[in-house]
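Beneath this line is the structure, given in structure tokens, with notes to follow.
The values are calculated or read from the model by the stated rules, or taken from the named source; none is laboratory data. Note that the structure is a prediction, hence the values are computed from the model and not measured. Positions of Cβ are backbone-derived with ideal geometry, glycine not excepted, and every protein chain shown enters the neighbour counts. Just the protein is used for accessible areas: all its heavy atoms, side chains included, with ligands, DNA and RNA removed. Shrake-Rupley method; radii C 1.70, N 1.55, O 1.52, S 1.80 Å.
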Amino acid sequence: MIVGETLGLLGAGVAAGVVSTVVSLASIVSYPALLAFGLPPLTANVTNTVALVFTGIGAAAGSRPELAGEGARVLKLGPVAAVGGATGALLLLVTPARTFELIAPWLIAMASLLLVRPPSVRAHGEHGVLGRVALFAVTIYTGYFGAAGGLMVFAVLALMFDHPAAKLNAMKNVMSGLANAVAAVGFALFGPVDWAAAAPLAAGFLLGGWIGPRIARRLPGNSLRYLAAACGLAVAVKLGWDSYAR
């Protein structure tokens, strides 16, 4: 890759890492960036998932105050998120590339609409098996594509725990990171990862993931949600036109 493309993907990674940890929408920033640099949709998706692992690492490092005392819960729920991510990755690898091209615009549109009207939830304490099943379901989506998957994970955690938003957001970053990490292993072994694009994107994700929690502590994020939703819908329309107008 030329220097300009490398710097462009690094910058996209930083922006997507911040967006991921604040409003759970990394893929709607980074996935179109990979498409813009010429990667096919399936290659862009698996490359994005591999790079996203570093957002989780950066977010965990930046969220240590919020994660204090949550080690037991993370250890209990982490395997559920990991298996969900692996299941989503497997579904993606066995789905024909053309099918993914047709599905992706709908996934992005639904994810964007979720941001316009975030789930209205009320915490009732931990919900045992039901909560784990819900977490498993949303991390399947995270492993498959993941746009706004973190928002879905956040909603499930909000139903399970009566925690402040910043703490739930930190836990969401860890759960989403685990789902992405397991999916990334499968993609690295069996998927068409573009490593030249993954490396600068991952470096940006690491930095953006570390910065994001500091912003989340101070901003409600509503304005960013609406902006991200508008951009996501625009991307969905563009991808839908490209896929269905053939």
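Here are the numbers:
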quantity: Matching entry among LEU75, LEU135 (being open to solvent by 30 Å² or more (accessible area, probe 1.4 Å), assigned to a helix (DSSP H, G or I), at pLDDT 85 or above and farther than 22 Å from ALA202 by Cβ); calculated: LEU75
quantity: Subset of the stretch 11-26 [within 14 Å of GLY204 (Cβ to Cβ) and buried (at least 19 other Cβ atoms within 10 Å of the Cβ)]; calculated: ALA12, GLY13, VAL14, ALA16, GLY17, VAL18, VAL19, SER20, THR21, ALA26
quantity: Subset of the stretch 180-194 (residues that are in a helix (DSSP H, G or I), over 18 Å from the mean Cα position of the chain (by Cα) and in contact (Cβ under 8 Å) with a residue 40 or more places away in the chain); calculated: PHE190
quantity: Any helices (runs of 4 or more DSSP H) falling wholly within the stretch 2-72 and containing at least 3 residues that are of a type in the set (Val, Ile, Thr); calculated: 3-23, 41-62
quantity: The listed residue being open to solvent by 30 Å² or more (accessible area, probe 1.4 Å) and at pLDDT 85 or above, out of PRO213, PRO192; calculated: PRO192
quantity: Residue match in the stretch 82-96 (condition: open to solvent by less than 40 Å² (accessible area, probe 1.4 Å), in contact (Cβ under 8 Å) with a residue 12 or more places away in the chain and not in a helix (DSSP H, G or I)); calculated: no
quantity: Some residue of the stretch 30-38 being among the small types (Gly, Ala, Ser) and buried (at least 24 other Cβ atoms within 10 Å of the Cβ); calculated: yes
quantity: Pairs with Cβ under 7 Å, 6+ apart, first in the stretch 1-30 and in contact (Cβ under 8 Å) with a residue 60 or more places away in the chain, second assigned to a loop (DSSP other than H, G, I, E, B) and of a type in the set (Gly, Ala, Ser); calculated: VAL22/GLY221; VAL23/GLY221; SER24/ALA148; LEU25/ALA147; LEU25/ALA148; SER27/GLY146; SER27/ALA147; ILE28/ALA147
